[in-house]
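Here is the structure we will look at, set down as structure tokens.
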Amino acid sequence: MVQRGRTTSAQRFLGLQLCGWQWRGRRLGFRMWVGRLVLSSLCLAGGWLLAGCACSARDAEDPSTSASAGAGLAATAPSGQGSAGSSPATKSSASGTSAFSAKDEAVIAMIDQRLRVAWEQNNLRPARAATDAEWCRRVFLDLLGRVPTVSELDAFRSDKSRSKRRAWVDRLLGSEYADDFSKHWTTVWTNILIGRTGGRQGRSLVNRSAMEKYLEQSLREDKPFDRLASELITAEGSADPLGENFNGAVNFLVEKLGDGGVQATAKTAEIFLGTAVQCTQCHNHPFNEYRQNQFWEMSAFFRQARVERIPHPERENRQIGQIVNRDFAGEGRTLYRDDRSEIFLEVRNGKFFDRDAARQTEAPIYYELRNGQMQVAYPVFVDGTALAHTLADRGSEYGNSGYLEHVDRRQELAQYLVAAREFDRALVNRMWARFFGHGFTKPVHDMGPHNPPSHPELLDKLGLEFRASGFRVRDVLRWIVLTEAYALSSKISRGNRKDDPALGVPPQFSRFYVRQMEAEQVYESLLVATQADATVSAERQGQTRERWLRQFSTAFGTDDGGEATTFNGSIPQTLMMMNGELTRLACSTGSGSFLDKVATSADLSSREKIKYLYWAAVAREPIAEEINICNELLASRDGDVVETLQDIWWAILNSNEFILIH
């Protein structure tokens, strides 16, 4: 595809130099090294190389108001460019059955008001509003995990109603885009609950696809988050569909119950309470209020749960994991055994009672202090509520019992969990961080007095509103994407320059913080933008996706289940984007491919074809300088439109602008 000996512009555009990019002199966590193409001409023209999101192309020519190929592209788009579900391009507006309510409006107004107060207190002037195209691309990526199609962009931009953003958010959260929404958020929650490597190791008891199917069904049902959390924490049955009493929710805990439930305790607290207690299993936390006894008292709730392994019926040397509830006598004690030589009876209300019955059913666990002293622990929630106190009205033998006839400890834990204020605040904080790049605390799973939130009143109020909604996560998503802050430009100005969390200051959200797409978002966006899988079988599509994602995740094999992703601007990511299988498919010019349809479209001029590529990938038109460079490249290719478009498309897909959410 790349030829030497061409004109100066072609060399500028298609040289073999390396182009490094560092946004405004500060790291975004990655550095893009692009070989084979010098993207400097294209990126500088678009304002992305030196200014990051201070995008001169979009400042000079607002896609929302400029004359563009957008409207024409929807009508003359090559086949295959449409939305999930019915095509928005066939509708005059995005209006329809709206789920937006007066309550939603009040919550959004509350968020806007509290953020404005914070801006004033910090002498910040918010960035200008994002353009329609910027906001549309942003919200599709955050809600559906992919960029919008050209026809979706065109339908949104051509909608002149004042409430179109509300209407489109309702559509994205509704039945029309249910497949895309559930697919994306299934991936998000699977990664949160079992990690990117969970179920991908050879002998893992986790069945990743079963976890995904459980979550997908829960999302389609719009299952309240308190119910979802309870099901995950109390799940019993087989982790694999081929086992007895199959329950996909089992996959959350099936590999976390070893070593006395250490990982079950740590991950439950981290995900559902926003508290980091991992290191307190060995000692009191040196920098916060968490104590070692709290960890083991929380761990005691999981001691009735057992993981049993059975042979896999179809795969040799593989096992299926299942979680069962069993009576727990306590560490160092034997079930159903009474070693007492004497039994003392006492009279209560005219009846005889075994005085020491409670001690016989107590199921203690033990942990060691740093000085070697052993301590006993019974189930106590992190707020200090002891199970023995909660069940005291049933009898003294119930609260600390390990016998299921007396108490199901995980069921009690689930009730404590969803009733705690940390539960609603943790979810709100996590979702806010996903949409803005920064939560109210850093990290989101370490909330507490030692790590005060940037906006404590806002976090608390949002948590209460989430609780009042019946724990509907979709409501939280709707509130966030319709806020004023979410609709701001990512451009840095003199008025908001000091609002930079990268410098260690608390985020104030006076502009939209640029962040890199996750690996799954890039993958889905490449498919949507390029139809790279249009000529590939369904079986191969699944294999390609799994292989593509697997290469970026590494499990450390540590006791805390640590893992890392190399999808962070590293060399593996860059090489994949430059030369990977998906990129080759995306840039294919074979019959029926995306580029073939664009290149051979009789309804599009050469200029419009170039514009179409820009709209498909980065949701904007090319500016004049970029058009000139592309035209010079076309001339250097002796008018070969297909080859020229192939090089332009490859360059756009490898630009920072494509891979960033801005």
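The values are calculated or read from the model by the stated rules, or taken from the named source; none is laboratory data. Because the structure is a prediction, the values reported are computed rather than measured. Please note: Cβ atoms are built from the backbone with ideal geometry, for glycine as well, and neighbour counts cover all protein chains shown. With ligands, DNA and RNA removed, areas are computed over all heavy atoms of the protein, side chains included. Shrake-Rupley method; radii C 1.70, N 1.55, O 1.52, S 1.80 Å.
Computed values, structure above
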| read-out | value |
| --- | --- |
| The range 118-135, residues that are touching a helix residue (DSSP H, G or I) at 6+ places or on another chain (Cβ under 8 Å) and of a type in the set (D, E, K, R) | Arg125, Asp132, Glu134 |
| Some residue of the range 453-468 being open to solvent by less than 30 Å² (accessible area, probe 1.4 Å), closer than 27 Å to Phe181 by Cα, touching a helix residue (DSSP H, G or I) at 6+ places or on another chain (Cβ under 7 Å) and not in a helix (DSSP H, G or I) | no |
| Selection status of Thr583, touching a strand residue (DSSP E or B) at 6+ places or on another chain (Cβ under 6 Å) and either touching a residue at least 40 places away in the same chain (Cβ under 8 Å) or part of a helix (DSSP H, G or I) (or both) | no |
| Residue within the range 627-645 that is part of a loop (DSSP other than H, G, I, E, B), modelled with pLDDT of 90 or more and surrounded by 21 or more Cβ atoms within 10 Å (Cβ to Cβ) present | no |
| Pairs, first under 11 Å from Thr483 (Cβ atoms) in the range 109-131, second part of a loop (DSSP other than H, G, I, E, B) and among the β-branched types (Val, Ile, Thr), C-beta under 9 Å, six or more apart | Ile111/Thr483; Asp112/Thr483; Leu115/Thr483 |
| Search result, residues across the range 314-331 that are at pLDDT 90 or above, in a loop (DSSP other than H, G, I, E, B) and open to solvent by 50 Å² or more (accessible area, probe 1.4 Å) | Arg326 |
| Every residue from the range 111-123 that is in a helix (DSSP H, G or I) and either at pLDDT below 95 or more than 23 Å from the chain's Cα centre (by Cα) (or both) | Asp112, Gln113, Arg114, Leu115, Arg116, Val117, Ala118, Trp119, Glu120, Gln121 |
| Residue list for the range 185-199, filter: more than 21 Å from Leu144 (Cβ to Cβ) and in a helix (DSSP H, G or I) | Ile194 |
| Test result for Glu368, surrounded by fewer than 18 Cβ atoms within 10 Å (Cβ to Cβ) and in contact with a strand residue (DSSP E or B) (Cβ under 7 Å, 6 or more places away or on another chain) | yes |
| Single match in Phe252, Phe225 (criterion: under 24 Å from Glu546 (Cα atoms), modelled with pLDDT of 95 or more and among the hydrophobic types (A, V, I, L, M, F, W, C)) | Phe252 |
| Matching residues, the range 205-253, being of a type in the set (D, E, K, R), without any contact (Cβ under 8 Å) to a residue 60 or more places away in the chain and either over 22 Å from Glu316 (Cα atoms) or open to solvent by 30 Å² or more (accessible area, probe 1.4 Å) (or both) | Glu212, Lys213, Glu216, Arg220, Glu221, Lys223, Glu231 |
| Qualifying residue in the range 257-265 (condition: open to solvent by less than 40 Å² (accessible area, probe 1.4 Å), within 12 Å of Val307 (Cα to Cα) and of a type in the set (S, T, N, Q)) | no |
| Filter result (small (Gly, Ala, Ser), modelled with pLDDT under 95 and buried (at least 20 other Cβ atoms within 10 Å of the Cβ)) within the range 470-523 | Ala519 |
| Whichever residue in the range 124-155 is closer than 28 Å to Pro506 by Cβ, hydrophobic (A, V, I, L, M, F, W, C) and not in a loop (DSSP other than H, G, I, E, B) and, among such residues, is most open to solvent (accessible area, probe 1.4 Å) | Ala129 |
| The range 611-626, residues that are open to solvent by 10 Å² or more (accessible area, probe 1.4 Å) and assigned to a helix (DSSP H, G or I) | Lys611, Ala624, Glu625 |
| Output for the range 200-242, where each listed residue is under 20 Å from Arg326 (Cα atoms), among the small types (Gly, Ala, Ser) and outside any helix (DSSP H, G or I) | Ala235, Gly237, Ser238, Ala239 |
